[in-house]
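Following: one structure in structure tokens, then a few remarks.
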Amino acid sequence: MSVSAHRAFNLLKELAYEKVSCSPEEKKAAQRLLDEARSCGVEAHLEEFSVKCGKVSRAKLTVTAPYLKEYTVTGYERAVSTPESGLEGAFYYAENLLPAHLEQVKGKIVMINGRLRRADYEKLKKAEAAAIITFSGTTVDRLNDTDCDIRKLRETLTEPFGDAVAVNMRAADAAEMVRRGAKTVRIELEGQQYEGISQNVCAVIPGTEKPEEIISLGAHYDSVYFSTGVYDNISGSVILMELLRHFAANPPARTLQFCWYGSEEQGLLGSKAWTAAHEEELAKHRLMINVDVAAPTLGHNVALVMATDKAVGYIDAMMLEKGYPCEAKLDIYSSDSVPFADKGVPAVNLCRFGAPGANYIHDRRDNLKSKYIDERALDITLQQALCLTDRVANAAVFPIAREISDTIKTKVDEYLFKTKKEGK
């Protein structure tokens with residue numbers, strides 16, 4: 001049975017809706033993928049795992065001096081609630097948190113540039129900031145075309161450094177506050193923390209000759225708020241389904257483990273949960289092939305290899321032999337391959353990145369109406385994934401050593417906060 005980008009794209013259309021971690025929509029998408037996998041004649045099941053979640057019921061920010069104005073904000077999920085009357089204090093714009101900034105933040109409501117990175121959170125907590133403000137979007141965004149991002153204080157922040165009051169606002173509003181010289185600010189934030197349930201969709205095609213050697217194939221199916229996630233990453237999920245369909249009809253020599261991961265956007269939680277639950281089995285895994293983002297009409301294909309230079313050479317030669325334009329290079333990629341590499345399983349990330357101006361990710365523009373993805377472009381990554389999987393699954397001798405270079409090991413440790421980058 002040949003793979004079909006047309007069939008894959010039709011499934012993508014069915015799953016073109018917001019499906020954030022632990023939501024009913026995420027579970028609905030998981031059930032649809034489960035049903036589709038079973039329709040291919042493969043035994044499939046759901047594996048549930050718990051996720052630390054939060055829900056914000058009220059978020060408000062008001063500049064109280066030298067002018068009075070309320071701004072639209074979203075509260076960070078799992079942030080600390082303020083007293084009902086709010087938390088009021090001096091406002092300070094700490095930009096990029098240089099030492100000279102950090103001397104000024106104690107007891108203040110602090111705004112920083114960009115996203116709230118772990119290193120920034122650690123600095124703010126140690127400097128005893130009273131609350132944190134971030135901003136998203138651009139200063140020229142139109143209100144009816146954009147959203148104020150909803151973000152979360154993940155446990156990778158709160159467990160080592162403690163909880164905090166935190167809100168996010170639009171870049172244009174943040175600029176106005178600084179430009180108008182805001183001196184005091186009041187934040188009102190009310191929310192709750194709870195344990196949610198997410199799920200991985202799992203299926204196995206046993207090997208016919210070397211069943212003890214396993215190749216893991218993965219893609220995540222959840223999205224962020226406001227996004228339908230057709231690019232990131234239903235595109236990868238439907239490619240994975242076509243591979244399942246193909247190998248169900250053409251049984252491989254080696255065992256193929258398929259996983260559609262939930263809650264990837266919350267910190268690779270699905271793949272972390274799966275590798276933790278199946279740690280003993282991972283010794284049999286020879287390679288992890290991950291597909292994350294595909295199908296932009298204007299773009300380029302990349303194979304990011306979390307293994308060794310020899311593995312890069314193998315994949316590069318294979319792509320050249322087939323005439324597939326795909327840049328292979330040794331590098332880490334922020335996706336579900338990371339937990340596998342952390343356990344010693346080499347990984348390859350197949351991606352098609354959109355060209356500038358044709359690459360909408362993590363916002364409302366990641367949808368079919370944006371008309372920046374198509375089935376022809378999806379087929380590019382589909383064919384590359386099929387070729388790579390078929391070659392390694394049916395090779396007489398497995399062509400990629402179960403080795404990971406020291407460079408990649410170091411990058412994985414830094415990504416997972418096992419070590420600190422120099423200067424951080």
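We did not get these values from a lab; they are worked out from the coordinates using the rules stated. Everything numeric here is computed off the predicted structure, so don't read it as measured data. Ideal geometry is used to build each Cβ from the backbone, glycine not excepted, and the neighbour counts take in all protein chains shown.
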Based on the Cβ-Cβ distance of T297 and Y194, what FRET efficiency does E = 1/(1 + (r/R0)^6) give at R0 = 45 Å, to the nearest 0.05?
-> 0.65
Taking the Cβ of each residue in R151, R38, R254, R364 as the centre, tally the other Cβ atoms inside 10 Å and list the residues starting with the fewest.
-> R38, R364, R151, R254
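Over segment 67-182, what is the mean sequence separation of C-alpha contacts under 8 Å (at least six apart), divided by residue count, expressed as relative contact order in percent?
After rounding, I find 35 percent.
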Fully extended contour minus Cα-Cα distance, from Y324 to A283, at 0.36 nm per residue = 11.6 nm
Would you mind calculating the relative contact order of segment 1-117 from Cα pairs under 8 angstrom and at least 6 residues apart, reporting the percent as a whole number?
-> 12
Evaluated over the chain, the Cα radius of gyration and Dmax, each in Å = 22.8, 75
Within segment 271-314, backbone nitrogen closer than 12 Å to the virtual label 7 Å beyond the Cα of V397 toward Cβ | none
Angle, helix 309-322 long axis vs. longest principal axis of the chain, Cα atoms, 0 to 90°, nearest 10?
-> 60
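Using Cα pairs under 8 angstrom and six or more residues apart, how large is the relative contact order of the chain, in percent?
Working: 980 pairs, mean separation 83.4, N = 424.
That works out to 20 percent.
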Given K123/K418; K272/K418; K210/K322, the pairs whose alpha carbons are separated by over 20 Å = K210/K322
Given all pairs of distinct Cα atoms, segment 145-279 yields a Kirkwood Rh in Å of 18.6
Rounded to 10°, Cα long-axis angle of helix 235-249 versus longest principal axis of the chain = 20
The chain: most fluctuating residue of D145, D406, D309 per GNM, C-alpha cutoff 10 Å = D145
Hey, got the Cα dimensions of segment 83-236 along the principal axes, in Å, largest first?
-> 70, 38, 33
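Rounded, prolate or oblate for segment 275-318? Axes are the square roots of the Cα gyration tensor eigenvalues, ordered a ≥ b ≥ c, and the cut-off for rounded is a/c under 1.5.
oblate
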As a Kirkwood estimate from alpha-carbon pairs, segment 47-142 has a hydrodynamic radius in angstrom of 15.0
Neighbour-count order for M319, M288, M169, fewest beta carbons within 10 angstrom listed first = M319, M169, M288
Among rounded, prolate and oblate, which fits segment 338-424 when a ≥ b ≥ c are the square roots of the eigenvalues of its C-alpha gyration tensor, a/c under 1.5 means rounded, and a/b larger than b/c means prolate?
-> oblate
A correct fewest-to-most ranking of W260, W274 by other Cβ atoms within 10 Å would be W274, W260
Using only the Cα atoms, work out Rg/Rh for segment 211-370, with Rh taken as the Kirkwood radius, to two decimals.
-> 0.96
